[in-house]
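Trainee: The structure is given below, and queries will be raised subsequently.
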Amino acid sequence: MKAFYLLLSVIVLLFKTQAAIAQTEQPVPLTITDPFIELHTGPGSAYPVFYVVDRGSKIVVLKRKTSWYKIQAENGKAGWASKLQMQQTLLPSGQTLKFVEQDQNAFVQRQWEVGASTGELEKAQTLSIYAGYAFTRNISSEFTLGHSVGNVSSSDLYKVNLLMQPFPEWNYSPFFTLGLGSIQVKPNATLIEPADKNNAVSQIGIGFKTYLTRRFILRVEFNEYVIFSANNDKDENEDISEWKVGFAIFF
Amino acid sequence: MESWFRNLFLSSLILCCSFFSTLALSADDEDTQNNVLIQPEVERQLFNEAQIGGNDFEVLFFAGFLSLEDFGVNPLLAFKLNYHVNEKIFVQLTMAQSEGGETSYETITQGAPLLTEDERELQSYSINIGYNLLPGEAFLSDQTTFNTAFYLIAGIGNTEFAGSDRFTFNYGGGYRFLLSDEISINTEFRNNVFDMDVFGVVKKTNNLEFTVGAGWFF
């Protein structure tokens, strides 16, 4: 259920950003400078071309799906054109239409990052989702919710960490993390001793992020955890390690 | 003396004139150049990609059936979030809820139930990657056409059932039927593979899921 609420809040956040981005302005008429623009019936190269708008014609852009734009010609015909062709259109002022794209630079200057990753936590398969906020280009803070499933037990992990990214503009940008949280270990129901254990953890980690495409990044990391499980019966804390590979979107 | 003075005066005047005229000429040159540089001062139209409303996210609600091995076929509700990376690939987060029915053993022996009511509740989540294998169109009549896509999807996640978490691998396919640019009707068929140990031995189970749902792009 916790995961459900997290997913729901992610959607609300996404929706808010999308709503903020999509401003309700009058569509700007554009002039075509390519010999022609092909209109497809759907947002993809596989959809057939059903209409062609000639050079010099005026069009308006209605919406976007991935890298396809729904445009409308003066005679009312509406269809999907690729970004490649749209890059050749002109603004009323005579300037070429500039596509402020999500690119490596946008990635460096991102504020929010939401992602999911999978890997192994001490030989148990683990899945986690996280949300991060960047204070500066180099420093961000993240909240991670992890769930791992092993043969004899499963565990939930909550963690808040600080992430330091010294070279955000590198293609493979390394980062270091330092975090605190809590881990709850739940033995499987078929075992005789089904008592949950709840312990604080500290974490230190290393990894890298790389920009893939549009709003997409790939992230690989290795973490070392110390579980503060020492008590009257046990002298030592536990050390466990984790590696993860994941994807994230930023905005 | 006078002629000498006049000569000097005139020559200096000519010199001055020529000097200033060159100055003026060069200044003119600069002016025209400056004009050229300044001339394309047009009203800047701040228009960019961000102003065009993007529709890359999609929320979906599904209802259908889950055939849970040994526990019968039961209704399933699912909530999904898609992010369309490009025209071919999308990623999906899924949350689903179902329950396990009675096993044949329980029905035949009429004995004590194997699981409590709470343990029969099934909750699962997964992270998936989808691929639009066959984008196309459906022609309902000569005039009405709808965009469609057959997609393949696979992912990993967790299924909580019978008191334990079970690491789950799922794969399947689906058919997306776009009523408009924003609204889609979907049907998905997936197999959820996870280990079960309810009967004392660990065995791999294949649990088929068939759902129909509606989605909204935003």
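Trainee: Within the range B:141-177, which residues are part of a strand (DSSP E or B), more than 25 Å from A:Gly246 (Cβ to Cβ) and within 8 Å of chain A (Cβ to nearest Cβ)?
Mentor: Once the filter is applied, which keeps residues that are part of a strand (DSSP E or B), more than 25 Å from A:Gly246 (Cβ to Cβ) and within 8 Å of chain A (Cβ to nearest Cβ), the range B:141-177 yields B:Thr145, B:Asn147.
Yes or no, residue by residue, for (1) open to solvent by less than 70 Å² (accessible area, probe 1.4 Å); (2) modelled with pLDDT of 85 or more; (3) among the hydroxyl-bearing types (Ser, Thr, Tyr); (4) not assigned by TED's automatic domain parsing to the domain that holds A:Arg215:
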position	(1), (2), (3), (4)
A:Tyr51	yes, yes, yes, yes
A:Ser57	yes, no, yes, yes
A:Lys70	yes, yes, no, yes
A:Asn75	no, yes, no, yes
A:Lys83	yes, no, no, yes
A:Gln87	yes, no, no, yes
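Trainee: Being basic (Lys, Arg) and open to solvent by less than 50 Å² (accessible area, probe 1.4 Å) is the filter here; which residues of the range B:54-103 pass it?
Mentor: Result: B:Lys80, single match.
Trainee: Taking B:Glu87 as meeting all but one of (1) among the charged types (D, E, K, R); (2) closer than 20 Å to B:Thr187 by Cβ; (3) at the interface with chain A (Cβ under 8 Å from one of its Cβ atoms), write down the number of the exception.
Mentor: The one condition B:Glu87 does not meet is (2).
Trainee: Evaluate the following for A:Ser148: is it more than 18 Å from B:Phe161 (Cα to Cα) and either surrounded by 20 or more Cβ atoms within 10 Å (Cβ to Cβ) or not assigned by TED's automatic domain parsing to the domain that holds A:Ile227 (or both)? Break it down into steps so the answer makes sense when it comes.
Mentor: Working: more than 18 Å from B:Phe161 (Cα to Cα): no; either surrounded by 20 or more Cβ atoms within 10 Å (Cβ to Cβ) or not assigned by TED's automatic domain parsing to the domain that holds A:Ile227 (or both): yes.
In short, no.
Trainee: What single numbered condition from (1) at pLDDT 65 or above; (2) within 7 Å of chain B (Cβ to nearest Cβ) fails to hold for A:Ile21?
Mentor: In the conditions (1) at pLDDT 65 or above; (2) within 7 Å of chain B (Cβ to nearest Cβ), A:Ile21 misses (1) alone.
Trainee: For the range B:184-203, what are the residues that are more than 23 Å from B:Leu60 (Cα to Cα) and of a type outside the set (A, V, I, L, M, F, W, C)?
Mentor: Selection gives B:Asp195, B:Asp197, B:Gly200, B:Lys203.
Trainee: Still on this model: What tally of residues in the range A:28-49 results from selecting those that are at the interface with chain B (Cβ under 9 Å from one of its Cβ atoms) and open to solvent by 30 Å² or more (accessible area, probe 1.4 Å)?
Mentor: Looking only at that region, the number is 4.
Trainee: For the range A:171-251, which fully contained strands (runs of 3 or more DSSP E) count at least 2 residues that are in contact (Cβ under 8 Å) with a residue 60 or more places away in the chain and either in contact with a helix residue (DSSP H, G or I) (Cβ under 8 Å, 6 or more places away or on another chain) or surrounded by fewer than 14 Cβ atoms within 10 Å (Cβ to Cβ) (or both)?
Mentor: A:238-250
The values are calculated or read from the model by the stated rules, or taken from the named source; none is laboratory data. The structure presented is a predicted model; accordingly, all values stated were derived computationally and were not measured. Note: ideal-geometry Cβ built from the backbone for every residue, glycine included; neighbour counts use all protein chains shown. The protein model used for the area step is the full one, side chains on, heavy atoms only, and it has no ligands, DNA or RNA in it. Shrake-Rupley method; radii C 1.70, N 1.55, O 1.52, S 1.80 Å.
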